[in-house]
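Heads up, the thing below is written out as structure tokens.
The values are calculated or read from the model by the stated rules, or taken from the named source; none is laboratory data. Source: prediction; values computed, not measured. Cβ sites come from the backbone with ideal geometry, for glycine too, and all protein chains shown count toward neighbours. Keep in mind that these areas ignore ligands, DNA and RNA; they rest on the heavy atoms of the full protein, side chains included. Shrake-Rupley method; radii C 1.70, N 1.55, O 1.52, S 1.80 Å.
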Amino acid sequence: MSRVGKLPINIPSGVKINFNDGIVVVKGPLGELSQVIDSEFILNITDNTLVVERPSEQKQHKALHGLYRALINNMVVGVSTGFTLKQEVVGVGYKAETVGQLLNMTLGYSHEIIFEMPKEVTATAVTERRANPIITLTSIDKQLLGQVAAKIRSLRKPEPYKGKGIKFVGEKLRKKAGKSASAK
């Protein structure tokens, strides 16, 4: 049995879960999320816990068991508390600022980069004196949040010599030594 799939999901107060025709809809104080799953899977809701049960021991059902449980758990956590990711813009002259749903960045190219956020994701950019700008992304959809953060990071990946670029806060970068002076 799947170690992840057999874990129960705790349902906080104020969160409602509906499962009809293979569509799971989770409503909570922060919003509503839906996910399509295989209609053969069984969702047992008792008290304030939900257990995902697979219909058979087929390889396909075993493969999807843990995935569906994790997706539903992320939806429950998202509509109750939400998700936050922080990215740091490292480099001399690198800037980031937000205007509504637009993220305006200066990343050392000949032009500014304007990144439009999806409506489900909100971004704030904070630049303190003598510190690198921090981009904070918040959303109720963990999957979309990760995709947006990866896209922003891909605009200027951290380079291995000085570490300039966009990185996640707390991320450890492996730096290379670079050229050494020749000894004559």
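Quick look at the values:
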read-out: Chymotrypsin sites (Phe, Trp or Tyr not before Pro), loop per DSSP, at most 13 other Cβ atoms within 10 Å - longest free stretch of the chain; value: 1-108
read-out: Average silhouette area of segment 75-149, convex hull of alpha-carbon atoms, in square nanometres; value: 5.3 nm²
read-out: Pair LEU30, HIS111: separation of 7 Å Cα→Cβ label points (nm); value: 3.5 nm
read-out: Total formal charge among the other residues, if their Cβ is under 13 angstrom from that of ARG156, Lys/Arg +1 and Asp/Glu -1; value: +4
read-out: Rg to Rh quotient for the chain, alpha carbon positions, Kirkwood Rh; value: 1.12
read-out: Entries in LYS151/LYS175; LYS59/LYS175; LYS142/LYS164; LYS59/LYS172; LYS119/LYS162; LYS62/LYS164 that, when Cα-Cα distance is taken, lie over 31 Å; value: LYS59/LYS175; LYS59/LYS172; LYS119/LYS162; LYS62/LYS164
read-out: Within the accessible area of segment 1-116 (1.4 Å probe), percent carbon and sulfur; value: 51 percent
read-out: Nitroxide proxy distance, nm - points 7 Å out along Cα→Cβ at ASN104 and VAL92; value: 2.5 nm
read-out: Modelled FRET efficiency - R0 30 Å, ILE45 with THR124, Cβ distances, 0.05 increments; value: 0.25
read-out: Rounded FRET efficiency, nearest 0.05, which uses the C-beta distance separating LYS179 from ASN18 and R0 of 45 Å; value: 0.15
read-out: Helix 59-80 vs. the chain, principal-axis angle (Cα, 0 to 90°, nearest 10); value: 70 degrees
read-out: Percentage relative contact order, the chain, counting C-alpha pairs under 8 Å, at least six apart; value: 17 percent
read-out: Taking only Cα atoms of segment 37-104, radius of gyration then Dmax in Å; value: 19.8, 58
read-out: Surface accessible to a 1.4 Å probe, per residue, for the residues of segment 112-184, Å²; value: 73 Å²
read-out: Folded to 0 to 90 degrees: helix 142-154 orientation relative to the chain principal axis, Cα; value: 20 degrees
read-out: Gaussian network model of the chain, Cα within-10 Å springs - most flexible of PRO12, PRO118, PRO160; value: PRO160
read-out: Net +/- balance of residues flanking ILE45 in space, Cβ distance below 12 Å, scoring K and R +1, D and E -1; value: -1
read-out: Gyration tensor (Cα) of segment 114-184, equivalent ellipsoid semi-axes in angstrom; value: 32, 14, 10
